[in-house]
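Working notes, structure below.
Derivation of every value follows stated rules applied to the coordinates shown; laboratory data play no part. Here the structure is a predicted model, which is why all the values come from computation and not from measurement. Glycine gets a Cβ as well: all are built from the backbone with ideal geometry, and neighbour counts include every protein chain shown.
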Amino acid sequence: MQSESKEYVLIQGIEVPKGQPIPSRQEFTKWATETPETSIQVSLFIRALQKFYDVPYEKTLSFFQVAGIHGYPGDLAWDDSAPPAHQRGSKMIYCTHNLITFPTWHRPYMLLFEDLEFHSEADKKAWTDEAAKWRLPYWDWAIPSSKGSVPDLFKPASVNIRVPSAADGSLQKPENVSNPLYKYQLKWAKCSGTSRWGIKDGVPEEEWSNGINNYNSITDAINLHNWYGVNPDDDLLGRPASDLVYRLLRSVPEWKNFSSTGTNPVPDPDKLPHIPWEQWVSLEYLHNNLHGFIGGNVWADGIGHMQNVPSAAFDPIFYMHHANIDRLLALWQTVNPDSWFESDASPSATDKLTPFHHKFASGKVDYFNSDNVRDWTNFGYTYDVLERKPDETDEEYIKRINVYISTTYSSNTGDVLLGDQGKLFTGDLKVTDHTYDDYLIDVLYDR
Ligand SMILES: N[C@@H](CC1=CC(=O)C(=O)C=C1)C(=O)O
């Protein structure tokens, strides 16, 4: 990305040197490791994010203004671009919700954040190799092994991070710094620190205005998966996040249904007849639920910035959540390679994704549109789980990704061959287009 005087901020994606593989965004929990103090990339990211926070808010590329693109302050044009055009409360904001451009608008937004982290880190010269490989980590809140817990690196107010090695190559004592992943703090406002499940009904403002986090409430919410809009008789309730990820990626093949709650509206749960989940579960629906689970969505127990569109992007966890939403989009695109906006769709695939500018190969500077961001690998990143094997055909690749989706997310879905539960065909038999792996025993013997 480059910023030129009197010209727009251009979102290009991090450049990959010719002949080098495209680096992958990694899963946050694994990436952060249990000992962040030995990781170069963690150190780079923490330092870069803190520097980003420290940019004065009047600057276009301050964290304050970049986070403000998503929702509030609202009404203001960012980077002298076209003004925001979507109504939220009494204000106009940029982010597209309830529209089929929900997934594609957030793609360049994450690229902008990734670019800014990459370009502003502190010790690039010393650690260039690691810096060149760094991409925005994603937090996979659905991965069954995490049991819904928030990765440790988000939790402490300060962290020990690695410093460059001594001249003889030995590791030096780590440096203790305040942790920018813990919260973002405005310098002037009363409601200054971001909270997760921290702001409660009736509790005096002084107690939460500095920011409060209740991680057990996030884990409980993710595990209780109290999805909104679901009829109590529906078999979706009581299922974990992994189950909804599995259903969405495997059983919602059309873009208009997959992309948005606008074109795939959540029905009134009390109205009969109940509409089967395949007809209303979307990426945006799953994403909305997680905003509530992460931010806090019960006034009596505590709410927080992530549950509210205008304030969500001020919590740094937003970017790891949205990298994961973009990964789910990329996984879905991989297994549904021909699905995209229909020709009469509204908004269309060529409608502009304001305020995000790009310099095209022709040299022209214009806003991105959804077609432009369809292939994410054009923007210098992919995902660890989507790395291709050499010599793999498209067909083998798609099959392998389908197997990855099934083996990672289908536990507890009630699918066929649930060997560990000794049950067969307990799944939703209305879904007919699945293929299933089966056992094959190959016996060789001497006659
Ligand atoms: N219930 C919220 C969920 C939500 C979605 C977001 O995109 C967000 O940033 C924050 C919260 C809404 O749709 O209004």
With criteria (1) surrounded by fewer than 23 Cβ atoms within 10 Å (Cβ to Cβ); (2) among the aliphatic types (A, V, I, L, M); (3) part of a loop (DSSP other than H, G, I, E, B), I325 comes up short on (3)
Across (1) touching a residue at least 60 places away in the same chain (Cβ under 8 Å); (2) away from the ligand (no atom under 16 Å from the Cβ); (3) touching a Phe, Trp or Tyr at 6+ places or on another chain (Cβ under 7 Å), P276 clears everything bar (3)
Filtering region 75-100 for residues that are within 13 Å of the ligand (Cβ to nearest atom) and touching a residue at least 40 places away in the same chain (Cβ under 8 Å) leaves a count of 9
If we ask which residues in region 17-64 are touching a residue at least 24 places away in the same chain (Cβ under 8 Å), assigned to a helix (DSSP H, G or I) and not small (G, A, S), their number turns out to be 20
Of the residues in region 198-237, those that are crowded, with 20+ Cβ neighbours inside 10 Å and of a type outside the set (F, W, Y) come to G198, I199, G211, I212, N213, S217, I218, A221, I222, H225, V230
The condition from (1) aromatic (F, W, Y); (2) more than 15 Å from the ligand (Cβ to nearest atom); (3) surrounded by 22 or more Cβ atoms within 10 Å (Cβ to Cβ); (4) in a loop (DSSP other than H, G, I, E, B) that F118 misses is numbered (4)
Inset, instruction - Check region 28-46 and report whether any residue there is hydrophobic (A, V, I, L, M, F, W, C), over 19 Å from the mean Cα position of the chain (by Cα) and crowded, with 22+ Cβ neighbours inside 10 Å. - result: yes
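Residues in region 229-254 that are among the small types (G, A, S) and in a loop (DSSP other than H, G, I, E, B): how many?
First pass over region 229-254, keeping only residues among the small types (G, A, S): 229, 238, 241-242, 251.
Now narrow it down to the ones that are in a loop (DSSP other than H, G, I, E, B): 229, 238.
Number satisfying all stated conditions: 2.
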Picked from region 267-296 (must be surrounded by 19 or more Cβ atoms within 10 Å (Cβ to Cβ) and of a type in the set (V, I, T)), the residue farthest from the chain's Cα centre (by Cα) is V281
Flagged in region 296-312 as touching a helix residue (DSSP H, G or I) at 6+ places or on another chain (Cβ under 7 Å), under 19 Å from H106 (Cα atoms) and more than 7 Å from the ligand (Cβ to nearest atom), in numbering order, are H305, S311
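Answer with yes or no whether S149 is free of Cβ contacts under 8 Å to residues at least 24 places away in the same chain and assigned to a loop (DSSP other than H, G, I, E, B).
Values: free of Cβ contacts under 8 Å to residues at least 24 places away in the same chain: no; assigned to a loop (DSSP other than H, G, I, E, B): yes.
In short, no.
With S259, S282 as the choices, which residue is over 23 Å from G13 (Cβ atoms) and either of a type outside the set (A, V, I, L, M) or touching a residue at least 60 places away in the same chain (Cβ under 8 Å) (or both)? Spell out how you get there, then give the answer.
Numbers: S259 fails: over 23 Å from G13 (Cβ atoms).
Among S259, S282, only S282 is over 23 Å from G13 (Cβ atoms) and either of a type outside the set (A, V, I, L, M) or touching a residue at least 60 places away in the same chain (Cβ under 8 Å) (or both).
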For W340, the lone unmet condition from (1) more than 10 Å from the ligand (Cβ to nearest atom); (2) part of a helix (DSSP H, G or I); (3) of a type in the set (A, V, I, L, M, F, W, C) is (2)
Counting only residues that are closer than 20 Å to E27 by Cβ and either of a type in the set (F, W, Y) or surrounded by fewer than 12 Cβ atoms within 10 Å (Cβ to Cβ) (or both), region 148-181 contains a total of 1
(message) Condition (residue is over 26 Å from the mean Cα position of the chain (by Cα) and buried (at least 16 other Cβ atoms within 10 Å of the Cβ)) applied to region 238-253: is it met by at least one residue?
(response) no
- request: Could you tell me whether any residue of region 390-397 is part of a helix (DSSP H, G or I), over 23 Å from M92 (Cβ atoms) and touching a strand residue (DSSP E or B) at 6+ places or on another chain (Cβ under 8 Å)?
  value: no
